[in-house]
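Structure, as structure tokens:
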Amino acid sequence: MELWAQLTVGAVALVLALTLPLVVRPLLARAGVLDVPNTRSSHTVPTIRGMGITTAVALSAAVAVAIFLPQSGTALRGALTLVVILAVVLAASTIGWLEDIRGLSVKVRAGVQLLIGALATASVAIIDPGQQQLWLIPVGALAVAAYVNVANFMDGINGISGTHGLLVGGFYAYAGLITGHAWLVYAGIAIALAFAGFLPWNLSRNRVFLGDVGSYLLGASISVTAMSAFLVGVPVEYIFSPVLIYLTDTFVTFLRRLLAGERWYVAHRQHVYQRLVIVGLSHVQATAVVCVATLVVSLLGIVAVQGGEVIQILATAMGFAVVLVYLRTPTLFQGFLRKWGRMTGASESTGGTAREQQS
């Protein structure tokens with residue numbers, strides 16, 4: 001696997017992701033493509049959205065270049081798998097863009113997402129016909145559609161989607177290196193650096209949002225890459241661990257709302273990362289909590305794959321412990337911040353009394 005090829009894919013993704021917003025941002029501003037705050041929002045002023053279109057172009061270009069670069073094993077299969085990933089990226093981004101500029105009904109979005117997932121799974125299974133995995137088509141369809149929506153639900157604070165793409169893409173690239181799948185290395189690098197290039201724009205003073213085009217892109221690119229990796233036999237720990245925090249946050253929130261009799265499809269602010277902001281963390285701090293949890297769980301997944309049976313059991317148990325702690329972080333931080341506030345207030349009060357006595 002040639003280093004120059006990996007660097008080429010990364011350079012294409014990063015350079016385009018960093019520079020394209022210079023052109024696209026003014027166009028979106030003039031077109032009035034704005035994200036207006038609602039009950040689910042963690043921002044308070046209208047903000048330009050739809051900047052994910054530049055991330056989509058960067059990611060698509062990087063994957064397109066990778067198709068023609070050296071592959072490991074059966075070169076044709078690797079190239080064709082990248083073609084499938086590229087097709088899914090383009091299709092999901094298009095649906096997201098239409099949602100950003102004109103809106104789509106829930107039925108249309110769900111139907112198209114399922115169709116994209118089914119066609120992608122069928123295509124990858126056909127590329128490697130010896131595996132006889134066509135029965136996984138409905139599972140793949142649900143997995144792709146589900147994670148597109150997971151990424152959309154989790155895209156609620158600055159930095160969270162960009163860092164998620166960076167981390168998951170990076171771990172998938174590592175999985176490709178370890179398992180000898182060049183296409184997976186290329187796809188992981190493209191995802192990681194395309195979303196890394198979006199971060200400076202999202203975190204700057206004049207910030208912009210990915211919009212549905214970007215969150216759909218994030219969910220689709222990760223899920224189709226994960227599904228393709230699973231179908232060629234990449235260990236499930238490599239695939240599942242980097243997305244476990246996102247999946248758990250979404251599933252637990254959905255279950256909690258369902259049990260409470262709430263309408264699950266109505267906008268809300270009950271995800272763990274949203275509650276972290278509500279209790280007093282900044283967007284960057286809340287994003288850091290999600291990232292640290294994702295990083296630790298992903299590393300434990302690697303340890304589980306590469307260790308012996310006992311190490312695997314311990315690493316898996318520790319991974320689930322990290323997930324449970326993550327779910328409790330809003331309560332933990334709320335208690336800490338209250339205690340810190342009381343300590344700070346007492347310190348200021350003492351200092352004020354001392355100054356008064358001195359004067």
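Key figures
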item	result
Scan of region 245-265 for residues that are open to solvent by 50 Å² or more (accessible area, probe 1.4 Å) and either assigned to a loop (DSSP other than H, G, I, E, B) or in contact (Cβ under 8 Å) with a residue 60 or more places away in the chain (or both), ordered by number	L247, A260, G261, E262, R263, W264, Y265
Qualifying residue in region 311-320 (condition: buried (at least 18 other Cβ atoms within 10 Å of the Cβ), touching a Lys or Arg at 6+ places or on another chain (Cβ under 9 Å) and under 21 Å from V168 (Cα atoms))	no
Looking only at region 101-123, and only at residues there that are at pLDDT below 90 and in a helix (DSSP H, G or I), the one that is surrounded by the fewest Cβ atoms within 10 Å (Cβ to Cβ)	V106
Residue, nearest to Y172 (Cα to Cα), within region 321-343, restricted to residues that are surrounded by 13 or more Cβ atoms within 10 Å (Cβ to Cβ) and among the polar types (S, T, N, Q)	T329
Answer residue from region 1-21, given it is exposed (fewer than 12 other Cβ atoms within 10 Å of the Cβ) and modelled with pLDDT under 95 and is farthest from L177 (Cα to Cα) among those	W4
Residue in region 191-202 that is modelled with pLDDT of 95 or more and in contact with a His (Cβ under 9 Å, 6 or more places away or on another chain) present	yes
Residue match in region 286-304 (condition: surrounded by fewer than 17 Cβ atoms within 10 Å (Cβ to Cβ), part of a helix (DSSP H, G or I), free of Cβ contacts under 8 Å to residues at least 40 places away in the same chain and over 18 Å from the mean Cα position of the chain (by Cα))	no
Per-region count, region 194-244, residues of a type in the set (A, V, I, L, M, F, W, C) and without any contact (Cβ under 8 Å) to a residue 24 or more places away in the chain	2
Pairs with Cβ under 8 Å, 6+ apart, first in region 1-19 and closer than 14 Å to I191 by Cα, second exposed (fewer than 15 other Cβ atoms within 10 Å of the Cβ)	L18/P200
Residue, most open to solvent (accessible area, probe 1.4 Å), within region 173-183, restricted to residues that are within 20 Å of F68 (Cα to Cα) and assigned to a helix (DSSP H, G or I)	L177
Any hit, region 243-260, residues being more than 24 Å from V323 (Cα to Cα) and out of contact with any Pro (no Cβ under 8 Å at 6 or more places or on another chain)	no
Test: residue in region 266-276 that is open to solvent by 50 Å² or more (accessible area, probe 1.4 Å), part of a helix (DSSP H, G or I), free of Cβ contacts under 8 Å to residues at least 60 places away in the same chain and of a type in the set (A, V, I, L, M, F, W, C)	no
Options I67, I53, I85, I95: the member that is of a type in the set (A, V, I, L, M, F, W, C) and within 30 Å of L276 (Cα to Cα)	I53
Positions within region 184-240 being open to solvent by less than 10 Å² (accessible area, probe 1.4 Å) and not in a helix (DSSP H, G or I), in sequence order	V208, L210, V234
Within region 158-172, considering residues that are open to solvent by less than 10 Å² (accessible area, probe 1.4 Å) and aliphatic (A, V, I, L, M), the one nearest to V23 (Cα to Cα)	I160
Single unsatisfied condition, L59 versus (1) under 19 Å from V224 (Cβ atoms); (2) touching a Ser or Thr at 6+ places or on another chain (Cβ under 8 Å); (3) open to solvent by 40 Å² or more (accessible area, probe 1.4 Å); (4) in contact (Cβ under 8 Å) with a residue 40 or more places away in the chain	(3)
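The values are calculated or read from the model by the stated rules, or taken from the named source; none is laboratory data. Everything numeric here is computed off the predicted structure, so don't read it as measured data. Reconstructed Cβ throughout: ideal geometry from the backbone, glycine too, with neighbour counts over all protein chains shown. The protein model used for the area step is the full one, side chains on, heavy atoms only, and it has no ligands, DNA or RNA in it. Shrake-Rupley method; radii C 1.70, N 1.55, O 1.52, S 1.80 Å.
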